[in-house]
1. Considering every residue within the range B:157-180, establish whether at least one is hydrophobic (A, V, I, L, M, F, W, C), within 14 Å of another protein chain (Cβ to nearest Cβ) and part of a strand (DSSP E or B).
2. Please work out if A:VAL65 is at pLDDT 85 or above and buried (at least 19 other Cβ atoms within 10 Å of the Cβ).
3. For the range B:181-218, enumerate the residues that are in a loop (DSSP other than H, G, I, E, B) and more than 14 Å from every other protein chain (Cβ to nearest Cβ).
4. Just give me the residues in the range B:365-394 being aliphatic (A, V, I, L, M) and open to solvent by 30 Å² or more (accessible area, probe 1.4 Å), in sequence order.
5. Of all the strands (runs of 3 or more DSSP E) wholly in the range B:358-445, which have at least 3 residues that are within 14 Å of chain A (Cβ to nearest Cβ)?
6. Test each condition in (1) assigned by TED's automatic domain parsing to the domain that holds B:SER437; (2) touching a residue at least 40 places away in the same chain (Cβ under 8 Å); (3) open to solvent by 10 Å² or more (accessible area, probe 1.4 Å) for B:ARG153 and report the one that comes out false.
7. Output the residue which, of all residues in the range A:139-165 that are of a type in the set (Phe, Trp, Tyr) and at the interface with chain B (Cβ under 9 Å from one of its Cβ atoms), is least open to solvent (accessible area, probe 1.4 Å).
Amino acid sequence: MQHLPKALMLVAALAVAGCTNPNRFGAGADGAGGAGMGANNGVTSGVLPGSVDDPTSTAYFNQRVGDRVLFAVDQSSLSAEGRAILDGQAQWLTTNSDYMAVIEGHADEQGTREYNLALGARRANAVMEYLVSRGISQSRLKFVSYGKERPLEVCSTEACYSKNRRAVTVIAAGSLMG
Amino acid sequence: MTKRAMTWLMLALALVFAGGMQVSSLSAQEPLRLEIDRGIVEPMPVAVPAFVAETPGAEQFAEDISRVVAEDLVGTGLFREIPRDAHISRVSAFASPVQFADWKAINAQALVTGAVSTDGAGRVVVKFRAWDVFAERELGEGMQFAATSEGWRRLAHKVADQVYRRLTGESPYFDSRVVFVSEVGPKDDRQKRLAIMDYDGANVQYLTDSASIVLAPRFSPNGNQVLYTSYQTGFPRIHILDVGAVQSRILQANEGTMSFAPRFSPDGSRVVYSMTQGSNTDIWAMDVASGATRRLTSTPAIETAPSFSPDGSQIVFESDRSGSQQLYVMPAMGGDAQRISFGEGRYGTPVWSPRGDRIAFTKQNQGRFHIGVMNTNGSEERLLTASFLDEGPTWAPNGRVIMFTRETQGAQGASALYSVDISGRNLRRVRTPAGASDPSWGPLQ
């Protein structure tokens with residue numbers, strides 16, 4: 001439910017842009033990489049490179065595609081919503097093949113520190129395996145777990161916990177250090 | 001007579017009576033001995049008059065050292081200090097005969113006297129004697145310790161250790177240090193750095209900056225090295241730090257893996273730790289000198305938090321192979337693991353007691369966290385604490401006290417160190433300059 005508005009926004013953005021950029025719902029995406037920034041495309045000439053309206057930007061990835069998936073308590077299996085987000089991520093990564101990604105796994109605070117580190121790794125790895133299954137080369141992906149060390153939300157109720165149990169795909173240019 | 005003096009006199013008389021009753025139950029030959037195992041309800045009254053300054057310039061040390069000795073003893077929960085303004089006798093010279101009647105009158109069961117001198121070279125010398133007041137005799141022999149002036153607190157801890165040993169028959173723990181993670185900042189921007197301090201929170205020294213996340217430091221058996229997990233490379237890696245030189249290096253760094261939860265073997269030659277490959281976290285062992293590694297578990301479950309038995313023959317660890325976090329014991333070289341936790345809820349972070357007889361753990365049940373202890377076969381489980389979030393026990397060197405992390409809930413949640421004795425009594429917050437987590441209690445120095 002958390003992701004439906006994002007999906008709708010994405011459809012809306014694509015409709016407005018009217019271009020042939022990455023379209024997670026169907027055909028026409030291949031070979032269109034970078035078109036959003038092209039000066040030869042009058043429709044998108046107003047798009048600021050790197051802005052959220054630039055489909056090749058990380059801002060676009062983070063906000064329009066959706067950079068994160070959420071997990072149930074103690075679970076690392078992907079929900080249907082989560083898989084839909086990851087399909088979009090895979091499509092974006094396919095189109096923007098110069099980018100690498102680090103998948104960061106997280107847990108909520110209800111757990112011991114070391115177990116949560118391993119649990120965050122399970123979640124990040126579930127995302128990585130899914131992206132690989134969608135054709136992204138494993139050499140472009142790394143994962144890391146922060147356990148409960150980097151909560152986004154600070155309250156101690158399920159409203160916050162549900163947002164903290166996440167795996168975030170962080171886009172990075174160039175090679176990955178590690 | 002002032003009203004105050006009158007009150008004290010009446011109190012003293014009442015105590016003489018109470019004290020007399022206790023004396024009758026002690027045979028004159030039986031040494032004064034506090035049995036910790038029985039679970040102390042009434043702390044033993046002790047008097048620690050200000051130590052005698054024997055040289056000019058030693059006055060402050062004499063005052064401070066005797067104060068820390070008293071704090072150490074009272075901090076155990078086993079002793080109660082009789083306030084100095086209740087003392088009748090004044091100890092003005094170390095060699096003066098003890099006026100036992102004066103100490104009996106205020107019901108001091110034990111008395112600690114001492115003297116401090118300084119020399120021109122900046123050294124401080126403390127000597128002390130411990131007394132069984134009602135038996136009117138000395139407990140053990142007087143001893144003397146010397147240190148540079150910066151080490152005066154250690155001198156006090158040394159004296160308190162001796163007194164504790166003589167009064168309880170147990171090995172002590174005051175002259176020891178704790179390595180921990182110092183924390184500042186809100187929950188969503190927590191800055192963490194490694195720090196070391198005396199067991200009582202004094203003399204904090206920082207070992208890392210807060211540029212990267214550091215987790216779960218663990219002392220080596222001799223206290224000279226610390227293992228910890230750092231995100232310095234962007235990925236969790238086990239580092240080993242030389243405490244004296246404050247220099248660290250990465251111990252374990254396989255590309256594409258995470259390693260964490262390190263702990264030394266009792267002889268310091270090996271390190272057990274967790275390594276995550278893909279979705280699987282297993283326990284590995286490394287020979288520190290050669291770097292050779294060996295995999296000790298191989299289920300697809302999360303296996304972490306390994307801790308050696310003090311004889312080095314076994315390892316207790318946690319695994320969710322049954323579907324939830326539980327405790328298991330396996331041979332030190334790996335092999336069949338026996339589950340030892342069977343109560344309600346989840347069990348993690350097991351730590352074998354230095355005495356070998358118990359395992360401390362974190363238990364999570366119905367939304368609450370507990371620190372508990374159980375026998376090494378899982379029997380006689382006892383929960384010592386309960387809160388929103390207690391975790392990560394570490395044993396005092398004598399196996400009688402446990403320190404752990406307690407985090408409060410909510411947006412303003414912060415962590416602090418607490419200690420509790422293994423009977424569940426004497427829960428205390430350990431003084432730290434900022435937030436603190438992940439304590440590891442080092443050896444007696």
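1. First pass over the range B:157-180, keeping only residues hydrophobic (A, V, I, L, M, F, W, C): B:159-160, B:163, B:167, B:174, B:178-180.
This time we only want the ones that are within 14 Å of another protein chain (Cβ to nearest Cβ), so: B:180.
Imposing the further condition that a residue be part of a strand (DSSP E or B) reduces the set to B:180.
The answer is yes, given that some residue of the range B:157-180 is hydrophobic (A, V, I, L, M, F, W, C), within 14 Å of another protein chain (Cβ to nearest Cβ) and part of a strand (DSSP E or B).
2. On the way: at pLDDT 85 or above: yes; buried (at least 19 other Cβ atoms within 10 Å of the Cβ): yes.
Yes.
3. Our first condition is that a residue be in a loop (DSSP other than H, G, I, E, B); within the range B:181-218, this holds for B:185-186, B:190, B:199-204, B:207-213.
Across the range B:181-218, the qualifying residues are B:TYR199, B:ASP200, B:GLY201, B:ALA202, B:ASN203, B:VAL204, B:LEU207, B:THR208, B:ASP209, B:ALA211.
4. Step one: of the range B:365-394, the residues aliphatic (A, V, I, L, M) are B:371, B:373-374, B:383-384, B:386, B:389.
Hits for the range B:365-394 are B:LEU383, B:ALA386.
5. It comes to B:358-365, B:368-375, B:390-395, B:401-407, B:435-444.
6. Among (1) assigned by TED's automatic domain parsing to the domain that holds B:SER437; (2) touching a residue at least 40 places away in the same chain (Cβ under 8 Å); (3) open to solvent by 10 Å² or more (accessible area, probe 1.4 Å), B:ARG153 violates only (1).
7. First pass over the range A:139-165, keeping only residues of a type in the set (Phe, Trp, Tyr): A:143, A:146, A:161.
From the residues that got through so far, the ones that are at the interface with chain B (Cβ under 9 Å from one of its Cβ atoms) too are A:143, A:146.
Working: A:PHE143: 20, A:TYR146: 37 Å².
Filtering the range A:139-165 for residues that are of a type in the set (Phe, Trp, Tyr) and at the interface with chain B (Cβ under 9 Å from one of its Cβ atoms), the one least open to solvent (accessible area, probe 1.4 Å) comes out as A:PHE143.
Listed here are the residues, each with its yes/no results for (1) farther than 16 Å from B:ARG177 by Cα; (2) not aliphatic (A, V, I, L, M).
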| site | (1), (2) |
| --- | --- |
| B:VAL401 | no, no |
| B:PHE404 | no, yes |
| B:GLU407 | yes, yes |
| B:ALA414 | yes, no |
| B:SER419 | no, yes |
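The values are calculated or read from the model by the stated rules, or taken from the named source; none is laboratory data. Because the structure is predicted, anything quoted here is derived from the model rather than measured. Note that we place each Cβ from the backbone using ideal geometry, even for glycine, and neighbour counts take in every protein chain shown. Only protein heavy atoms, including side chains, enter the accessible area calculation; ligands, DNA and RNA are left aside. Shrake-Rupley method; radii C 1.70, N 1.55, O 1.52, S 1.80 Å.
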